[in-house]
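The values are calculated or read from the model by the stated rules, or taken from the named source; none is laboratory data. Since the model is a prediction, treat every value here as computed from it, not as a measurement. Cβ: placed from backbone, ideal geometry, glycine included. Neighbour counts: every protein chain shown. To get the accessible areas, we keep the full protein, side chains included, count just its heavy atoms, and leave off ligands, DNA and RNA. Shrake-Rupley method; radii C 1.70, N 1.55, O 1.52, S 1.80 Å.
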Amino acid sequence: MEDIESRNIANLEMETDKKKILEVKNLKTYFYTEEGVVKAVDGVSFNMYEDEVLGLVGETGCGKSVTALSILQLVRAPGEIEEGEVIFKNVDLLTLKKKKMRDYRGKDITMIFQDPLNSLNPVMTVGTQVKEVFELHQREEIYELLDQKMLEWKNKQNRIKELEKKLEDNETNQRLTKEEISDIKNEIEKLEEETRDRPTYRSILREKSRKILEEVGIPDPEEILERYPHELSGGMRQRVMISMALSCNPSILIADEPTTALDVTIQAQILDLMKDLKNEYKTSVLMITHDLGVIAEICDRVAVMYSGNIVEYATATNLFKNPRHPYTKGLISAIPTLDKKKKELDTIRGSVPNLIYPPEGCRFHPRCDYRLEVCDKVRPLLTQIGESYFVACHLFDPQYKDSPKYEWGKEELERTRKI
Amino acid sequence: MSMIKYIFRRILAALPVLFGVLTLTFILSRLMPGDPVLATLPERFTTEQYLAAREALGLNEPLLNQYFDYLSRVFTGDWGQTYTIAKGRPVWDIIWLRFPRTFDIAIFSIIIASIIGLKTGVIAAKHRNKFRDTFFRGLALIGVSIPVFWLGLILQFLFGYYFDILPAVGYKTSGIGDPPVITYLRLIDCFISGQWYLALDYLEHLILPIFCLSFITIASITRQARSSMLEVLEQDYIRTARAKGAKEKDVINTHARKNALIPSVTIIGLNFGGLLAGAILTETTFNLHGLGDALLVAIRYTDYWLLNGIVFLITIIFILINLMLDVLYAFLDPRIRY
Ligand SMILES: Nc1ncnc2c1ncn2[C@@H]1O[C@H](COP(=O)(O)OP(=O)(O)O)[C@@H](O)[C@H]1O
Ligand code: SF4
Ligand SMILES: [Mg+2]
């Protein structure tokens, strides 16, 4: 069994000329609860490429959030990252010291969450929270900018003195024409206006925060900086979260169900915003969702997760055109479309398995209509079945092509009736 | 609405409470066993003397009249006289003499307890289930379950007699003078009149009672601070702070602490109220002649007027503290509208 498992760390190279930016290898995160060990993430592997959106999709409870939190090492007790590698730009993040890891969080890899109300600190203003990211990761840049602005400011002040001197001299020698005098006066006025506020660390920080809020489409950012999260709408709050996540120009943005808690119209707006920003900032996005509609809209690649494993991993186009894994098929046919009446929707029989005692073999076998005899005995591994296409299902393993189909008992079918 | 309006509204809202408490104390005091007249009479007395005294106290009036008389007296500031602690002295005088001492002890205890309790609570939460947590939780458990008079007795024995380094009872060395009464707060009066040795003497006497009261108060604040900190640390916004790359120290100090402080403030306020109302057992143990002490006497000897006066004062203290808490919440938590 062990050596078969190790095959699971398959070579997941996708055919693409884009640079690989994150490589998750055989990640396992367990929760040590009183009831037992919850194997929430049990050998997950995938790659992310530059300037691409990878969708991570699956039913609630299949381990999507835990996967995301594990990448940033934000899993809280009783959760432990058991093994695996998270390789970001040739560094295995899991081997880093805590302090070093902090430098990546919020700067190179950032994250936004499902519930934008609780994700913002209720007793801190939006401004304080947005500024914090800059202060954490861009102190030096701000000071550099400050030096530069100070220089400009001084130059302008010197220029004012120069001009005033000219006017003064003119009192005695009357060399300037009326027009020249008024030009000089105008210039002085303009310069005085521009140098009224001496640039400070604070003012630069504020300016940066204002700009980033503007970027995410928040009207009247000056005002919003002073507000508390509860004074904003859900959509605005999520925009604030996005602004914080983008403020240091990250390589990867992990979005854990960013639209789930929002109204439908707001969902579309936020999704559009994320698409625009992704193109503008060239950020790779890990889009976590249980909504295949979202995936179809924004993702370049998709990883389908089931019960702590990835069962299908392919480009979005191919996956939607021809889903292979029975679970993915079920998910896709469960999407309501115009010509399917709600009643006729195919859904998947049974329910999400227990993660403390997951089913033997293929974890999907108690719910699978295509089940083979071997399915409850041997665990299928993610294997390549075509160009940039990976599936973990025995149906696609030539080894089992002669394996007989499992006959569902009547009682068994009844027990796991489709809902 | 402005803060002032808000405060004013809260005061108005407190009036029914005040009224209710007055009524309740009146009823309860009349139901109390014991006869207040006896306290006003000499050791041996005649029936005529008794009846005259009863008449003089107004106890022959119908109850309802007595009730309204009592209400009008309370609001006009005439709180009657005491017949037990100092025969015939106005209740006000007793309160003015006794309350400042209680206040001194309460304020020192609550400040010390808040500083230490919030700190230990946060440390315990930060090191959940580790040694420091277990240690502070153990101490806090002892603190909340130990009978306060017992702790007082142990302290008295240890420091007052065994090591003999601190006075065990009273609030001043007997025979030592008093500062001129200016603010009624002995410590401040000592300073104003420049009598440092009196101040030192007073402080020396307060150490054990304050230690005793702080200890139990620290325990309850620690427990509250720990549990609210743990709750806050589970919140999504803490995860956001960590995801931003904030240091663990900043996560606790800037992101979690203010949120965790809000419930702790309640406990601090209620503890302070309790201390101001006179920590009866502690004051008696240390023989401090405070408000709690006077309350005990008033109850034991059915001193209606003293009892009503003290209960009224305590009610007002609690109302004021609640008001302060409300203002503090509005200050700490921007979600509260006022
Ligand atoms: N703190 C925790 N303690 C115990 N189990 C947990 C904890 N957090 C998550 N899990 C388990 O991990 C599994 C995956 O959770 P999650 O990643 O949040 O799912 P989702 O795919 O909906 O994001 C869940 O089944 C849950 O039971
Ligand atoms: S391995 Fe077997 S049970 Fe699992 S999805 Fe494939 S056919 Fe179904
Ligand atoms: Mg989730």
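The HN-Hα couplings worked out from phi for the range B:202-216 by the Karplus form 6.51 cos²θ - 1.76 cosθ + 1.60 (θ = phi - 60°) are 5, 4, 4, 6, 7, 4, 5, x, 5, 4, 4, 6, 4, 4, 6 Hz, whole numbers, x standing for Gly and Pro. Taking Lys and Arg as +1 and Asp and Glu as -1, the other residues whose beta-carbon sits under 11 Å from that of A:E187 total -3.
Using Cβ point charges alone (K and R +1, D and E -1), the dipole size of chain A about the Cα centre works out to roughly 640 debye. Think of a 1.4 Å ball rolled over the protein heavy atoms: the protein assembly as shown then has 51 Å² of accessible area per residue.
How high is the relative contact order of chain A? Use alpha-carbon pairs under 8 Å, at least six apart in sequence, and give a whole percent.
Working: 672 pairs, mean separation 89.1, N = 419.
With pairs under 8 Å counted, the relative contact order is 21 percent.
Along the axis of the charge dipole computed for the protein assembly as shown (Cβ charges of +1 for Lys and Arg, -1 for Asp and Glu, origin at the Cα centre), the listed residues A:I142, B:G77, A:S403 are led at the positive end by B:G77. How much FRET efficiency would the formula 1/(1 + (r/R0)^6) give for B:S72 and A:R76, where r is the Cβ-Cβ distance and R0 is 56 Å, rounded to 0.05? The calculated FRET efficiency here is 0.35.
For the range B:115-227, what is the convex hull volume of the alpha-carbon atoms per residue, in Å³? Don't skip to the end; give the middle numbers.
Working: hull volume 14.2 nm³, N = 113.
Convex hull of Cα atoms, per residue: 125 Å³.
Hey, can you list the residues from the range A:106-127 whose accessible area shrinks by 30 Å² or more with all protein chains present, relative to the chain by itself (probe 1.4 Å, no ligands or nucleic acids)? Buried-area filter returns A:F113, A:N118, A:S119, A:N121, A:P122, A:V123, A:M124. Annotated for chain B: lysine pairs at least 8 residues apart or interchain, Cα distance under 18 Å, count 9.
Taking only C-alpha pairs under 8 Å that are 6+ residues apart, what is the relative contact order of the range A:294-335 in percent? Working shown, then result.
On the way: 37 pairs, mean separation 12.7, N = 42.
Relative contact order of the range A:294-335: 30 percent.
Remind me, relative contact order of chain B in percent, using alpha carbon pairs under 8 angstrom and six or more residues apart? About 27 percent, as a whole number.
Placing unit charges on C-beta atoms (Lys and Arg positive, Asp and Glu negative, everything else neutral), compute the dipole magnitude of the range B:91-332 about its Cα centre in debye, rounded to 20. Show your work: numbers first, answer last.
Values: 20 positive and 17 negative charges, 264 e Å.
For the range B:91-332, the charge dipole is close to 1280 debye.
Expressed in units of 2.2 N^0.38 Å, where N is the residue count, the Cα radius of gyration of chain A is 1.29.
Taking all Cα-Cα distances within the protein assembly as shown, those exceeding 34 Å account for 66%.
Kindly work out what percent of the DSSP beta bridges joining two residues of the protein assembly as shown are antiparallel, to the nearest 5. Write out the running numbers ahead of the final one.
Numbers: 34 of 53 bridges.
Taking every DSSP beta bridge within the protein assembly as shown, about 65 percent pair in antiparallel fashion.
Ranking B:I94, B:V327, B:F157 by Cα position along the charge dipole of chain B, where only Lys, Arg, Asp and Glu carry charges on their C-beta atoms, puts B:V327 farthest toward the positive end. In the range A:125-227, the C-alpha radius of gyration followed by the widest Cα-Cα span (Dmax) gives 19.3, 58 angstrom.
The amide H of A:I254, built 1.01 Å from its N in the peptide plane, has A:T110, A:M111, A:I112, A:L286 as neighbours under 5 Å, considering only residues 5 or more places off or on other chains.
Every Cα-Cα pair of the range B:91-332 was included, and the share exceeding 26 Å stands at 48 percent. Among B:F286, B:F159, B:F215, the largest mean-square fluctuation in a Gaussian network model of chain B (Cα springs under 10 Å) belongs to B:F159.
Would you mind getting the Kirkwood hydrodynamic radius of the range A:192-278 from its Cα pairs, rounded to one decimal in Å?
On the way: mean 1/r = 0.0700 Å⁻¹.
That comes to 14.3 Å for the range A:192-278.
The B:L18 and B:Y197 beta-carbon pair, evaluated with R₀ = 41 Å, returns a calculated FRET efficiency of approximately 0.45. Dividing the convex hull volume of the alpha-carbon atoms in the range A:270-310 by its residue count gives 74 Å³ per residue. The trypsin sites (Lys or Arg not before Pro) of the range B:267-338 meeting both criteria, a DSSP state outside H, G, I, E and B (loop) and at most 10 other C-beta atoms within 10 angstrom of the site's C-beta, are B:R337.
Which of A:T125, A:N90, A:I385 sits farthest toward the positive end of the charge dipole of chain A, with +1 on the Cβ of Lys and Arg and -1 on the Cβ of Asp and Glu? Projecting each Cα onto the dipole axis, the largest value belongs to A:I385. Between the range B:72-110 and the range B:13-55, how many Å separate their Cα centres? Rounded to whole Å, the Cα centres lie 17 Å apart. Helix B:131-145 against the longest principal axis of chain B: what's the angle in degrees, Cα atoms only, rounded to the nearest 10? Roughly 10 degrees, rounded to the nearest 10. For a distance above 17 Å, tell me the whole-number percent of Cα pairs in the range B:13-76 that qualify. Looking at the range B:13-76, the distances longer than 17 Å represent 51 percent of pairs.
Students often get this wrong, so check it: of A:K154/A:K190; A:K64/A:K107; A:K39/A:K64; A:K18/A:K282, which have C-alpha atoms separated by over 18 Å?
Values: A:K154/A:K190 15 Å; A:K64/A:K107 22 Å; A:K39/A:K64 12 Å; A:K18/A:K282 12 Å.
Beyond 18 Å: A:K64/A:K107.
Enter the mean number of other protein chain beta carbons within 10 Å of the beta carbon of each residue in B:255-267, as an integer. List each step's numbers first, then the result.
Details: counts 5, 1, 1, 4, 4, 0, 1, 2, 0, 0, 0, 0, 0.
Partner-chain Cβ atoms within 10 Å, mean over residues of B:255-267: 1.
Scattering from the range A:22-118 was approximated by placing one identical point on each alpha carbon and applying the Debye formula without solvent; log10 I(q)/I(0) at 0.15, 0.23, 0.26 1/Å stands at -0.62, -1.42, -1.62. Element breakdown for the protein assembly as shown at a 1.4 angstrom probe: carbon and sulfur atoms account for 57% of the accessible area. Per-residue Karplus couplings for the range A:172-181, computed as 6.51 cos²θ - 1.76 cosθ + 1.60 with θ equal to phi - 60°, are listed in order as 8, 9, 6, 8, 8, 7, 4, 4, 4, 4 Hz, Gly and Pro entered as x.
For A:T172 and A:E207, what is the calculated FRET efficiency with R₀ set at 25 Å and r taken between the beta-carbons, to the nearest 0.05? Let's see the in-between values first.
Working: r = 43 Å, r/R0 = 1.71.
Calculated transfer efficiency: 0.05.
Chain A against chain B buries an accessible area of about 2200 Å², both chains summed, 1.4 Å probe radius.
Between the range A:91-114 and the range B:142-167, the alpha-carbon centres lie 52 Å apart.
Were the residues from B:A330 through B:A56 laid out at 0.36 nm apart, the gain over their Cα-Cα distance would be 93.6 nm.
Rounded to the nearest 20 debye, what is the charge dipole size of the protein assembly as shown about its Cα centre when +1 sits on each Lys and Arg Cβ and -1 on each Asp and Glu Cβ?
Values: 94 positive and 100 negative charges, 180 e Å.
Dipole about the Cα centre, nearest 20: 860 debye.
Summary of the geometry: the range A:127-148 and the range B:267-292, compared by the centres of their Cα atoms, lie 51 Å apart.
Expressed per residue, the C-alpha convex hull volume of the range B:85-158 stands at 124 Å³.
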